[in-house]
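See below for the structure under consideration.
Read-outs throughout are calculated quantities, based only on the coordinates presented, and are distinct from any laboratory measurement. All figures in this text were calculated on a predicted structure; none of them were measured in a lab. A quick note on method: Cβ atoms are made from the backbone with ideal geometry, for glycine too, and the neighbour counts reach across all protein chains shown.
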């Protein structure tokens, strides 16, 4: 490839090393040194001393000629032949772009593939490197590349270590045969939300000591956090887990607490309405049923209320769960019934139930499960439309139920066995069959207060 003088090359905008333009002009003067003064594209002033590539030129004043603007630089016009007398404006046309940035693909929360095209241009020689600059701005800051000998065609590279839910910029580039970098245009993409494997969390009181325990889906213990130094508030459904496995619970005085899955406290703030029960919604908001009779929709970062509905006044309520449509379910202990409320604050259904005190709720698909302190070795199950009475849900080792919860496709229960006095966590399929039953505390403490939750959607 021909190298241009540095001062001329610096005057060319962008990637003009691989650009040529052809315009028309009219001969104004025939010079004795074999050059011509030309009115280019209808200009009133003639451009002086333009040479020609022809060996024996025979141009006359008034002739229309074709002029090559070599390398896209107006300082390098050359007459290449006669032309029809059509006036053209000088416009720079990207006739020979060496590299083109193409769309990213196979994007995840942490990786993406970049793609480029090397084009066949006049005088092309194989490139010695292809790659991609990328970063969260057009300053990029990172790149991936490969060295070698690269002919015309399509090439890709994968970027790793990206951050989920983030806008990235990227730009293709090559080193041409002269070692010069040629770049394509800037493009953007957004990484997806990081996928997190759900975990099961229990909040347990054992001889007045409080613990958060985290379990994998196979029932193996992943971690334990001793929170005995806190003044923990225990009530039914006083625990929630979001899609990123962040944990929410209460301290006395209406304090809402958020911890990450590693046990680090992220936020703690007193809520004026004194929340009693808590649940995560499919919309990503946190819902708190509070002593003032309201169910607030709260931002998981700021805890700020985004609105609320008001339950029936003068009633005592236990438990809280939401379905994927945003309907709210809670137990009215005063009237011995389970209630269904729309997100607009309208009670759309209710059903009489028994043993409703201290009820804890879980919901999978179309069915709500409920733990109640009945000491009978079973819990309850009811369709979420509340159109029929509850049915018994048999448990394996739990006689005194304390907590109910759910994964997207599994029911969860916690409680005490009368036989050995241990506290159990049990997971059931939607066909009501036991997946596993494990001991989560073996102090033979018959008064276990324990709640269980996981991300339910």
**Message:** Using the basic label-point model (7 angstrom from Cα toward the beta carbon), what is the residue 306 to residue 178 distance in nanometres?
**Reply:** 5.6
**Request:** Against the globular-protein guess of 2.2 N^0.38 Å, express the Cα radius of gyration of the stretch 200-453 as a ratio, rounded to two decimals.
**Result:** 0.92
**Item:** Burial order of peptide ranges 366-373, 240-247 (average beta-carbon count within 10 Å, highest first)
**Value:** 366-373, 240-247
**Item:** Options (i) 1.33; (ii) 1.49; (iii) 0.97 - which one matches Rg/Rh (Cα atoms, Kirkwood Rh) as calculated here
**Value:** (i)
**Request:** Report the residues of the stretch 203-242 in range of a label on residue 418: point 7 Å along Cα→C-beta, backbone N strictly under 11 Å from it.
**Result:** none
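Test of understanding: express the Cα radius of gyration of the stretch 330-427 as a ratio to 2.2 N^0.38 Å, with N the residue count.
Values: Rg = 13.5 Å, N = 98, 2.2 N^0.38 = 12.6 Å.
Ratio of Rg to 2.2 N^0.38 Å for the stretch 330-427: 1.07.
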**Message:** Kirkwood Rh and Cα-based Rg: tell me the resulting Rg over Rh for the stretch 191-331, rounded to two decimals.
**Reply:** 0.96
**Complete:** Most exposed to least, judged by fewest other Cβ atoms within 10 Å, 239, 102 sort to 102, 239
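With N set to the number of residues, divide the alpha-carbon radius of gyration of the stretch 165-263 by 2.2 N^0.38 Å and report two decimals.
1.85
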